[in-house]
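Notes follow the structure.
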C-alpha cells in the first residue's frame, strides 16, 4: 500500500473534578508541579472559578495518552505530557523526555484530542495516529 498503513490507537479517561480540587487544596503547589507543566499551571490558574475543572481535564488527557503509550519499560512523568490550547480553542498534545521517545519508538506521529469538563466530571479522548510500513 503506497504511503503506508495508518493505525489508530484510542485512550480515554474520566475523573471527578472534586478529587483534583481536594488534591490541590491538600498538597498545593507540590501537587501541581508533580503533574502539570508550568504552562499548564499558568493557563488553568487564569480561570478562578473553574481552575479545578481545567486541571482535571488535563489530568484526563495525560491518563488517556499514557493508556495509548502503554509504557511498560519506560518511566513517564505526567509532566512529560503537556496539553496546549490553541487560539481557535483546539488542543495539541506535546510530549517531552521519555514520553516523546516512546511515541517515536511506536511510530506515533500525531494526536487528536477531545476534552470536556463540567462541575463534577472531566473527560478526555485521545486518538493517536501510527504509521506502519511504506
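Read the figures in this text as sums done on the coordinates, not as results from a lab. Just so you know, these numbers come straight off a predicted model, no measurement behind them. Heads up, the Cβs are rebuilt from the backbone with ideal geometry, glycines too, and the neighbour counts pull from every protein chain shown.
Cα axis of helix 51-69 to longest principal axis of the chain: angle in degrees, 0 to 90, nearest 10? Orientation of helix 51-69: about 20 degrees from the principal axis.
Just to confirm the number: angle between the C-alpha axis of helix 17-27 and the first principal axis of the chain, 0 to 90 degrees, nearest 10? The answer is roughly 70 degrees. Rounded to the nearest 0.05, the FRET efficiency derived from the C-beta distance between residue 48 and residue 104 at R0 = 35 Å is 0.35. Between residue 16 and residue 74, the contour length at 0.36 nm per residue exceeds the alpha carbon distance by 18.2 nm. Computed on the chain, with alpha-carbon pairs under 8 angstrom and 6+ residues apart, the relative contact order is 39 percent.
Only one of [x] 18.0; [y] 15.3; [z] 18.8 was calculated from the structure for Kirkwood radius over Cα pairs in Å, and its label is [y]. Under the simplified labelling scheme, the residue 25-residue 116 pair shows an inter-label distance of 2.7 nm, with each label point 7 Å from Cα along Cα→Cβ.
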